[in-house]
Amino acid sequence: MNSENNNGIPGQEEQKPGTELTGQPAETTEVNTSKFVFSNESLKKQMRPSEFFAEKIITGVAFLSIAVIILIFLFVFRETLPIFSGKAAKKTELSTAKQETYGEAAAESSSGKQEVYGATDDTVVTTESQAGDSLPSYSGNESVTADQVTLKSLAGKTWMPVSENPRYGLLPLIIGTLKITLISILFAAPLAILAALFSAAFAPRWMREIIKPAIELLAGFPSVVIGFFALMVMATFFQHLFGYETRLNAFVGGVAMALAAIPIIFTVTEDVMTAVPSTYKEASLALGASKWQTAFFVTLPAAAPGIFAAVLLGIGRIFGETMIVLMATGNAAMMSLNPFESVRTLSATIGAEMAEVVFGDTHYNVLFLIGTLLFVFTFALNAIAEFYVKGKLMTRLQGKTS
Amino acid sequence: MKEIKIKTKDLTLYYGSKMALNSISVEIPQNQVTALIGPSGCGKSTFLRTLNRMNDLIPNVRITGEVLVDNFNIYDKNVDSVNLRKKVGMVFQKSNPFAKSIFENVAYGPRINGVNDKKKLTEIVETSLQRAAIWDEVKDRMHDSALGLSGGQQQRLCIARTMAVDPEIILMDEPASALDPISTSKIEELIFNLKENYTIIIVTHNMQQAARVSDHTAFFYMGELVEFGKTKKIFTVPVKKQTEDYITGRFG
C-alpha cells in the first residue's frame, strides 16, 4: 500500500500515519455509540408540541386572512342582494309609499306644479336634459313595483339617487370610470414602461440606484396628496394650456391617476426586465447587436408577458382609486365621451355618497352593488394577469411550442 | 505555420484593483483551433472575452496592452465594439437561445444587420444550420420554440446563430461543458469542420477535448500565460513543469 502511494505527492505520506493514529480512537468511540439500534423503540414517532402548535397557528392565520377577504366580499355582495330579490321591494315600497303620500299630500294641497317644483329643487342641471327621461319612469312608479324600477334604471343613463324620483343608472358612472382609466393608462403605461426600459437597460448603475427607489417612493405617496396637487396645481395649469371650460374634468383626473399608477407599472416592469436572463443580452451583444437593439428586440419581448401584467395591475389600481378622482374630476355623472368634461367614477360615487345614505335603502344597496362591480372588475383583471401571464411565461421560458 | 490572425501584446486586465490577466502576449494562427486550458479562475475566460470586448460590459474593468486582429488594434479609441463583435462571434458555456422560434433565433443576427429580404434570410438561416450540422434535426420544426430543443441541439443552434452574422473568428467558452458525451462529440466534430472557414478559440476544462480538437494550446495559470504551442507538443513534451503537472492531473 505505502509503496504504491510513494509516487504521489510527499504530503500524502505525512498524512498517512496521522490518520492511522486518529483512526484508533475513532474506532473505540464507534463502539461506544454503536449502541444505537434500529428498533421500534429508537425510531418511535415523537411529538414535538412547540412545532405542532406553531404550525397550526400559522395555518390558522393564513386561513383567517383568506376568510376575512372572502367575508368582506360576502358582506358587500349580501348588501346588494335586496335589489334583485323581493326584499328590497317592501323596504323601498315603504319608503316610496312615504314619498308618494308626501307627493300626494303635496299634490292634494296644491296643484301639479308643485311636483315639477320638487323635481327642479333636487336637480338643477338635469331637469332640462332628462325631462323626457323622467316622465315615463315617474308614471311607472304607480303601476310597477319599486324594485323593478330600480333594476330597470340600473342600465339607465341617469344617476340621480336622491331625487324625489330616484334613478340609479350606472351607465354614466361606468363610462366615467372607463374614460378615466383609458386616459390615465394611456399616460402611465408608455411613461412607466420606457422609464423601466431605461433603468433596466441603459442607465449606469449609480443612476439606476437613484431612479428606482425614487419612483418607488411615489408609490407610497398618499393619494390625497396627489389629489390635492391635481386639484390645486394641475387643473389650473391644464386649463391654461388647453383652454377648456370645466376646470375639473376627466383629463385632469386621468393624468393625476397616472401619477399613482406609474410607480406600480414601473416597478413591476423593471423587475421583469432585470429578471430577463443576462445570457440573452450577452448572446445578442455577442452577435453584434447594439445596446438599443438588444433592449428593444431581446429584453422587451422576453419581458412582454410581465409588462402586460404590470399594465393590468396599473389598471386595477386606477379602477379602485377613490381619493384622486373624488378630488380632481368634478364628480358630475355625465354621459359624455369628451375628455374635458367632468366625470364621476364608480369608486368616487361610493366614497361621496355612502356616508349620507339611508341604511337599508335602495340607494344603499345600489352603492354596494357598485362595490361588488368594482371587486369583480379588479378580481377579473388580477386573474387575467395571473393566469395569462403564468401560462405565457411558461411557454416562453420552458419551450412549449408557441 | 499558418498566418497569424490574433496577436496580443502585453495584455493586462484588472477587475477593480485585482489583476486578472498579467501581460499576455500570444499569437493565434488563422483557420486553426486554439484551446485555452487552465484551472478555474486562471483568466482563460477573461482572456477570451477580451478578444471581442465583452469585458466592456463589466464595470471597473481596466485593460492595457494591445489586441491585434489582422494587425489592427481592436482596443483603439475609434473602434466600435458593436461592429467588432459582428466579426468576432461568441458561443457561451450555457446554451442561450432566445425565447423565439428556431428560425427567428438564427435570423436575429442578420436581421439586426439590416437583412430584411425574406428569401435571403431563409437562405442564410438554412446554410448556417447546415454548417452547424443541425439542419436535418430541425428543418421540420423551424417555427417551434428553440427552447424545446435538447441541450446539445441548443448549443449547435447557438453556433449556427453565431455563424449567421458571418464572423471570422468564433470564440467558444466551454461550449460542451454542460452536455452529454454524444452531444459533446457532435460539437467537437463540428468544431473540427468549422476551422476551414473560421479561426476558433475554445476554452475548455476537458483536457481530452483540448487534445482532440485543437491544433494549438495555451495553458493559463493565475492570470499568466504559462505555455503556448502546438497541442501535440504541449500534451507530450511540455516545456514547463507546471504544464506537465496540470495535464497529468496533479493539480488544478
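The values are calculated or read from the model by the stated rules, or taken from the named source; none is laboratory data. Just so it is clear, the model here is predicted, and its values are computed rather than measured. Cβ: placed from backbone, ideal geometry, glycine included. Neighbour counts: every protein chain shown.
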Practice problem: Specify the residue that is nearest to B:Met163 (Cα to Cα); the eligible residues are those in segment B:108-151 that are under 24 Å from the mean Cα position of the chain (by Cα) and of a type in the set (Lys, Arg). | Solution: B:Arg131
Quiz item: What residue, among those in segment A:374-394 that are at pLDDT below 85 and buried (at least 16 other Cβ atoms within 10 Å of the Cβ), is nearest to A:Ala309 (Cα to Cα)?
Solution: A:Ala385
Quiz item: Identify, please: which residue in segment A:150-184 is in contact (Cβ under 8 Å) with a residue 40 or more places away in the chain and of a type in the set (D, E, K, R) and is, among those, nearest to A:Val357 (Cα to Cα)?
Solution: A:Glu164
Quiz item: Residue check: is A:Val61 at pLDDT 85 or above, closer than 22 Å to A:Leu369 by Cα, assigned to a helix (DSSP H, G or I) and within 33 Å of the chain's Cα centre (by Cα)?
Solution: no
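Residue check: is A:Gly371 surrounded by fewer than 23 Cβ atoms within 10 Å (Cβ to Cβ) and in contact with a Ser or Thr (Cβ under 6 Å, 6 or more places away or on another chain)?
It is false that A:Gly371 is surrounded by fewer than 23 Cβ atoms within 10 Å (Cβ to Cβ) and in contact with a Ser or Thr (Cβ under 6 Å, 6 or more places away or on another chain).
Just checking, how many residues over segment B:33-57 are within 30 Å of B:Glu188 (Cβ to Cβ) and within 12 Å of chain A (Cβ to nearest Cβ)?
Of all residues in segment B:33-57, those within 30 Å of B:Glu188 (Cβ to Cβ) come to B:33-55, B:57.
Next, only the ones that are within 12 Å of chain A (Cβ to nearest Cβ) stay: B:48-49, B:51-55, B:57.
Counting residues in segment B:33-57 that are within 30 Å of B:Glu188 (Cβ to Cβ) and within 12 Å of chain A (Cβ to nearest Cβ) gives 8.
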Exercise. Consider A:Ser153 carefully, then state whether it is polar (S, T, N, Q), more than 27 Å from A:Leu259 (Cα to Cα) and modelled with pLDDT under 75.
Key: yes
Exercise. Select from segment B:141-168 the residues that are touching a Ser or Thr at 6+ places or on another chain (Cβ under 7 Å), surrounded by 21 or more Cβ atoms within 10 Å (Cβ to Cβ), over 16 Å from B:Thr127 (Cα atoms) and within 14 Å of another protein chain (Cβ to nearest Cβ) and list them in ascending order.
Key: B:Ser145, B:Ala146, B:Gln154, B:Gln155
Quiz item: Of the numbered conditions (1) in a helix (DSSP H, G or I); (2) within 29 Å of A:Ala383 (Cβ to Cβ); (3) not small (Gly, Ala, Ser), A:Leu337 satisfies every one except a single condition; which is it?
Solution: (1)
Exercise. Could you tell me whether any residue of segment A:265-277 is within 11 Å of chain B (Cβ to nearest Cβ) and out of contact with any Lys or Arg (no Cβ under 8 Å at 6 or more places or on another chain)?
Key: yes
Quiz item: For B:Ser183, are the conditions met, namely being away from chain A (no Cβ under 14 Å), of a type in the set (S, T, N, Q) and buried (at least 16 other Cβ atoms within 10 Å of the Cβ)?
Solution: yes
Quiz prompt | Residues that are more than 7 Å from chain A (Cβ to nearest Cβ), under 21 Å from B:Thr199 (Cβ atoms) and among the basic types (Lys, Arg), drawn from segment B:78-108 | solution = B:Lys87
Quiz item: In segment A:240-257, what residues are within 19 Å of the chain's Cα centre (by Cα) and surrounded by fewer than 23 Cβ atoms within 10 Å (Cβ to Cβ)?
Solution: A:Val255
Quiz item: Quick check: is even one residue across segment B:186-194 away from chain A (no Cβ under 12 Å), of a type outside the set (Val, Ile, Thr) and within 24 Å of B:Arg53 (Cβ to Cβ)?
Solution: yes
Quiz item: For segment A:206-239, what are the residues that are surrounded by 12 or more Cβ atoms within 10 Å (Cβ to Cβ) and in a loop (DSSP other than H, G, I, E, B)?
Solution: A:Phe221
Quiz prompt | segment A:240-261 residues that are more than 28 Å from A:Leu217 (Cβ to Cβ) and assigned by TED's automatic domain parsing to the domain that holds A:Val325, paired with ones that are assigned to a helix (DSSP H, G or I) and among the polar types (S, T, N, Q) (beta carbon under 6 Å, 6 or more apart) | solution = A:Arg247/A:Gln239
Practice problem: Quick one: in segment A:340-359, of everything that is of a type outside the set (Lys, Arg) and in a loop (DSSP other than H, G, I, E, B), which residue is nearest to A:Leu171 (Cα to Cα)? | Solution: A:Thr345
Quiz item: Within segment B:144-176, how many residues turn out to be touching a residue at least 40 places away in the same chain (Cβ under 8 Å), aliphatic (A, V, I, L, M) and in a loop (DSSP other than H, G, I, E, B)?
Solution: 2
Self-check item: Exclusive hit being closer than 29 Å to B:Thr162 by Cα, among the hydroxyl-bearing types (Ser, Thr, Tyr), surrounded by 20 or more Cβ atoms within 10 Å (Cβ to Cβ) and in contact with a His (Cβ under 8 Å, 6 or more places away or on another chain), set B:Thr204, B:Thr199, B:Thr231
Solution: B:Thr231
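Would you check which residues across segment B:109-143 are of a type in the set (A, V, I, L, M), touching a residue at least 40 places away in the same chain (Cβ under 8 Å) and within 19 Å of B:Ile191 (Cα to Cα) and list them? Can you show your working first?
Going residue by residue through segment B:109-143, those that are of a type in the set (A, V, I, L, M) are B:112, B:115, B:121, B:124-125, B:129, B:132-134, B:138, B:142.
When the remaining residues are screened for being touching a residue at least 40 places away in the same chain (Cβ under 8 Å), the result is B:124, B:132-133, B:142.
Listed by number, the residues that qualify are B:Ala132, B:Ala133.
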Quiz item: What do you reckon, is A:Arg208 basic (Lys, Arg) and modelled with pLDDT under 90?
Solution: no
Practice problem: All but one of (1) over 19 Å from B:Gly89 (Cβ atoms); (2) touching a Pro at 6+ places or on another chain (Cβ under 9 Å) hold for B:Leu121, so report the exception by its number. | Solution: (1)
